[in-house]
Amino acid sequence: MLLAVGCSSSSGEKHQALADVNGYSITVGEFERSYVDLLIRSGQNDTPQARYNHLSTLIEDQLWYEEALRRELDADTSLAVFIDLARKRALGGRYYEVEFLEQLPQPTETEIRQAFARYKQPIIARHLFYRDELEANTAYIRLKAGQSFIDEARICFQTVNFDSTAGWLGEIRYFQVDDAFAEAAFSLAVGSFSAPVRSRQGWHIIKIEDRIATPIITESEFQNRKDGIASLLRVRKRRLEGDRFVRTFMESRNVLIDPQGLRALDAALARIERRVSSGPITLDDDYDVPAPPLTSMTPLATFTVNETEQTFTAEDYFFWFPELPFGEARSRPAASIGRAVRNEAFALAGIDANLEMDAIVQRDVEYYTRTYLANSMRQLDPDSTLMDALRTSASISIDSLLFDQIMVQ
C-alpha cells in the first residue's frame, strides 16, 4: 500500500491536536512536517508502521523534554551553543523553503500517470560507475565511438577476464533506486545507454537491457494508487530539484578549499578520532603528524557573500561539526568542509533575507531545542526503564479518528 505523504492536510487541520501529552498538543502539522523530514533524511519507506512509530517518538520526545526541565538540563551552558546552531540551521532551512520549496510546482496529472506506468514496469539494467566526472565523460566518448558496453565495464570494474555480468544490476524498480538514476534509466529505450548521470553516490552510465512485461494497467488501479504515487513523486521532485538548487546556489559562492588548512584539519580529525573517548575537542593543539597545526583561526576555505570574499575558519567548521557525518569528515575532509560551508552560506542567506523573526524559524528553533533536551535525557535511560515510568504516570491521549484519517490520505 502506498501512502500520500505531507502537504495533504488543510490549513485548519494542521493546527488540530493529533495527540495530547500532559497538556501539550502535538498537532497534525508538527507530525506531518517532522515525518516528511524523517523520510527524506533517512530514505526509509512510508508505511503505516513507520507513521505509528513516528507518533510514538514524538510523544516520548515530549515526555523526555518535560523530565529534562524537571532536572534543569536547560541550565547547561552547552544548550546556549546548541540554540545558536539551531537558529542558523533554521535560518538556512527556511531560506531553502522560501526560495525553492515554495516555488516548486506540484506534479501534474500527466507526470503522475507516467510515474505510475514506470512503477508498474521494472527494467533490467547494467551500469558503469565512477567517482570522477572526467573518467565518466571519457568512457562515454569511447562508447559513442563504438566501444562495447561489456568491454567498457571491464575497464571500469577492473575485471581481468571477459565477464558478461560486469556492471550488471538486474531488475530495477522506479521508486527503489537513487532519484537521478531512476529518472535517467526509465527514460531510456531498451538497448540504449545514457550520458553520465550524477547520483548522490557518483557518476553512472546506464544501459537498459530489457523491460519486464506487466499486466494491463486499469484506470481503477491508477485511481486507487494515485495519491500514493503523487506523494512519492513529490518527494522525488523535491530531492532532485533541491539538489540542483543547492548546487547552483553554491556555485555562485565560489568556494575554494585552502590546501594547508585541509591538511591541518585532516590531521586534527585523526587526532580527535584517537581521543574521541578521552575528553573534549581542543582546537589549539599541536598534532603529532606531519601537518600544520590547527588553531581556531586556521583558514579552511573562502566563499563569496554579496560579492565579498569570506574566510571560513576551523572555528566555523567546528561550530557546524554536530551536523556533519564523521565518516565523511575522516574519509573526505574536503567534502566535509564543503558541507559546513554550505550550511554557513545558507544561514547567511537567511539572515540577508530578514528571516530571523520568521514564525517558522522561531518554531523550528523551539522544536530543535526540545529535541536536543529530549535526546539528552534519552541517553540517560539506555534500558528504557525511566521511559516506562514516565509513560505510566503521564496523561496521554491520541485522537484515533484524526490519526486514521491521516493514515488513509
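About the centre of its Cα atoms, region 132-198 shows a dipole size close to 200 debye [charges on the beta carbon of Lys, Arg (+1) and Asp, Glu (-1) only; nearest 20 debye].
Taking GluC sites (Glu not before Pro) as exposed when DSSP calls them loop (any state but H, G, I, E, B) and at most 16 other Cβ atoms lie within 10 Å, what is the longest stretch of the chain free of them, the sites themselves excluded? Excluding the exposed sites themselves, the longest stretch runs over 73-306. Distance from the C-alpha centroid of region 28-100 to that of region 372-394: 17 Å, rounded to the whole angstrom.
Distant-in-sequence amide contacts of ARG211, defined by a placed amide H-H separation under 5 Å and a gap of 5 or more residues or a different chain, comprise ILE124.
Going by the alpha-carbon gyration tensor, a ≥ b ≥ c the square roots of its eigenvalues, is region 195-262 rounded (a/c under 1.5) or, if a/c is not under 1.5, prolate (a/b greater than b/c) versus oblate?
oblate
Rg ratio for the chain: its Cα radius of gyration over 2.2 N^0.38 Å, N being its residue count, equals 1.14.
Largest accessible area first, the residues THR218, THR27 order themselves as THR218, THR27 under a 1.4 Å probe with ligands, DNA and RNA left out. Once the chain from LEU380 to ASN53 is taken as fully extended at 0.36 nm per residue, the excess over their C-alpha distance is 115.6 nm. In the chain, the DSSP-assigned H stretches of four residues or longer account for a calculated mean residue ellipticity at 222 nm of -17500 deg cm²/dmol, using -39500 (n - 2.57) per stretch and the full residue count as denominator. If you take the Cα centroid of region 166-209 and the Cα centroid of region 323-340, the two points sit 27 Å apart. For ASP46, the amide hydrogen comes within under 5 Å of no other amide hydrogen, counting only partners 5 or more places away or on other chains and with H modelled in the peptide plane. Site pair ALA189 and LEU256 shows an inter-label distance of 4.7 nm when each label is modelled 7 Å from Cα along Cα→Cβ.
By the compact-protein rule of thumb, 2.2 N^0.38 Å, the alpha-carbon radius of gyration of region 328-389 corresponds to a ratio of 1.64. Residues whose amide H falls under 5 Å from that of ALA19, counting only those 5 or more places apart or on a different chain, are ILE26, ASP399, with hydrogens built in the peptide plane. Placing unit charges on each Cβ (+1 for Lys and Arg, -1 for Asp and Glu) gives the chain a dipole about its Cα centre, and among ILE217, GLY327, PHE245 the Cα reaching farthest toward its positive end belongs to ILE217.
Per residue, the chain exposes 53 Å² of accessible surface when a 1.4 Å probe is rolled over the protein heavy atoms with every protein chain present.
Checked against a 27 Å cut-off, the cross-linked pairs LYS14/LYS237; LYS120/LYS144; LYS144/LYS226; LYS88/LYS226 give Cα-Cα distances beyond that limit for LYS120/LYS144; LYS144/LYS226; LYS88/LYS226. Stokes-Einstein diffusion for region 17-146 at 25 °C, viscosity 0.890 mPa s, with a Kirkwood radius from C-alpha pairs, works out to 122 µm²/s.
If only the Cβ of Lys and Arg carry +1 and only the Cβ of Asp and Glu carry -1, the dipole of the chain around its Cα centre is close to 1360 debye. Taking the 1.4 Å solvent-accessible surface of the chain as the whole, the part contributed by carbon and sulfur is 51%.
From largest to smallest, the equivalent ellipsoid semi-axes obtained for region 296-409 from the alpha-carbon gyration tensor read 38, 22, 14 Å. Remark: region 293-302, residue by residue, has Karplus-estimated 3J(HN,Hα) of x, 9, 10, 4, 9, 4, x, 9, 6, 10 Hz, where x stands for each Gly or Pro and the curve is 6.51 cos²θ - 1.76 cosθ + 1.60 at θ = phi - 60°.
Our estimate of slack between THR27 and THR248, defined as 0.36 nm per intervening residue step minus the Cα-Cα distance, is 76.1 nm. Using 0.36 nm per residue and subtracting the Cα-Cα separation, the extra length available between ASP404 and GLN106 on full extension is 104.8 nm.
The values are calculated or read from the model by the stated rules, or taken from the named source; none is laboratory data. Quantities reported herein were computed from a predicted structural model and do not represent experimental measurements. Backbone-built Cβ (ideal geometry, glycine too); neighbour counts: all protein chains shown. We work out accessible area using only protein heavy atoms, side chains counted, and drop any ligands, DNA or RNA first. Shrake-Rupley method; radii C 1.70, N 1.55, O 1.52, S 1.80 Å.
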